[in-house]
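Comments concern the structure below.
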Amino acid sequence: MSDFFDVALSRRSVKVYDPQAEISTGELTELLGIAGRAPSAWNLQQWHFLVFHGKEVQKKLLPIAYNQQQIVDASAVICILGDLEGHLNIDPVFDPQVEKNEITPELKEILAGQIKGAYKRPEYPREGAILNSSLAAMQFMLAARAKGYDTCPIGGFNASSLVETFGVSERYLPTMLITIGRRLEEGRPTDRIPVENLITFAE
C-alpha cells in the first residue's frame, strides 16, 4: 500500500501515455469503486462514470475531445458525470440504513426534507452535481496513482457532442474527462503558489 503523502505529492497530470499498456475491466471497476467512496452531500453520491475502454470507442471520443492524442493512447478514459437529480437517490441510500437500524425512519424523513428543499432551488442541482462529482474525480485520480497508474483531468471537450454521440441521459452533466494509463513521459512539473498566500485564518 502506497503512503498517502507519496501518492498525493507524486501525482502529475500526464499527457503522454504508452499506447500498448492495458488496464483490465476489473482494475477499472476497483478504482471506480474507490472513487465512489468519496464524500457527497447527504451521501447521495451525485455521480455516474461513463467509461471509454478500448481503442475503437476511444477513437470515437477523440474528435469530441478536440483530437487530444492522450484520448487514444491512454489505457482508458473516464467521463465523470454529475447527477442533476441526486434527490432520486434518497430511497436507495437511506432505506438500507433504516433496514439495518443505522438510522430511524424519522431521521430519514428529516434528511429527505432537507434534500428536497435544496433541489427546489434552481441553482442547486447543477452546483451539487459539479461539486460532488469533482470529489469522486479527485479520489479516482489518487486511487489510480496509488495503483501505479497516471491520470490527467480534461475540461477541454465538447460536452453537448458527447451527450448526443453517446446517448447520455438529461439527468447527467458531463463534468470532466480523465485519462488513465502508463506514462511514457513524466507530467510537466509545476510550481505552487506558497500556501501561506492562500490561507486566511478567520477572526
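Observations
- Here I78 meets the list (1) farther than 21 Å from S10 by Cβ; (2) β-branched (V, I, T); (3) touching a helix residue (DSSP H, G or I) at 6+ places or on another chain (Cβ under 9 Å) almost entirely, failing just condition (1).
- Selection from region 14-42 of residues that are surrounded by 13 or more Cβ atoms within 10 Å (Cβ to Cβ) and under 15 Å from N132 (Cα atoms): L32, I34, A35, G36, A38, S40, A41, W42
- Residue within region 174-183 that is more than 16 Å from the chain's Cα centre (by Cα) and in a helix (DSSP H, G or I) present: no
- Qualifying residue in region 189-201 (condition: outside any helix (DSSP H, G or I), among the basic types (K, R), exposed (fewer than 10 other Cβ atoms within 10 Å of the Cβ) and under 24 Å from the mean Cα position of the chain (by Cα)): yes
- Some residue of region 74-86 being over 23 Å from A129 (Cβ atoms) and either surrounded by fewer than 20 Cβ atoms within 10 Å (Cβ to Cβ) or not basic (K, R) (or both): yes
- Taking region 62-171 as the region of interest, none of the helices (runs of 4 or more DSSP H) fully inside it holds 2 or more residues being of a type in the set (K, R), free of Cβ contacts under 8 Å to residues at least 12 places away in the same chain and under 24 Å from G33 (Cα atoms).
The rows are residues; the columns are (1) assigned to a helix (DSSP H, G or I); (2) within 15 Å of the chain's Cα centre (by Cα).
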position: E22; (1), (2): no, no
position: L31; (1), (2): yes, yes
position: R37; (1), (2): no, yes
position: W42; (1), (2): yes, no
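- Set R171, R121, R145, R126: member being of a type outside the set (A, V, I, L, M, F, W, C), loosely packed, with under 14 Cβ neighbours inside 10 Å and within 17 Å of the chain's Cα centre (by Cα): R126
- Qualifying residue in region 102-112 (condition: surrounded by 13 or more Cβ atoms within 10 Å (Cβ to Cβ) and of a type in the set (S, T, N, Q)): no
- With respect to (1) within 27 Å of D6 (Cα to Cα); (2) out of contact with any strand residue (DSSP E or B) (no Cβ under 9 Å at 6 or more places or on another chain), the lone exception for G117 is condition (1).
- Test: residue in region 101-119 that is among the basic types (K, R) and out of contact with any helix residue (DSSP H, G or I) (no Cβ under 7 Å at 6 or more places or on another chain): no
Laboratory data are not the source of any read-out in this text; all were calculated from the coordinates shown. What you see is a predicted model; the values in this text were computed from it and never measured. Ideal geometry is used to build each Cβ from the backbone, glycine not excepted, and the neighbour counts take in all protein chains shown.
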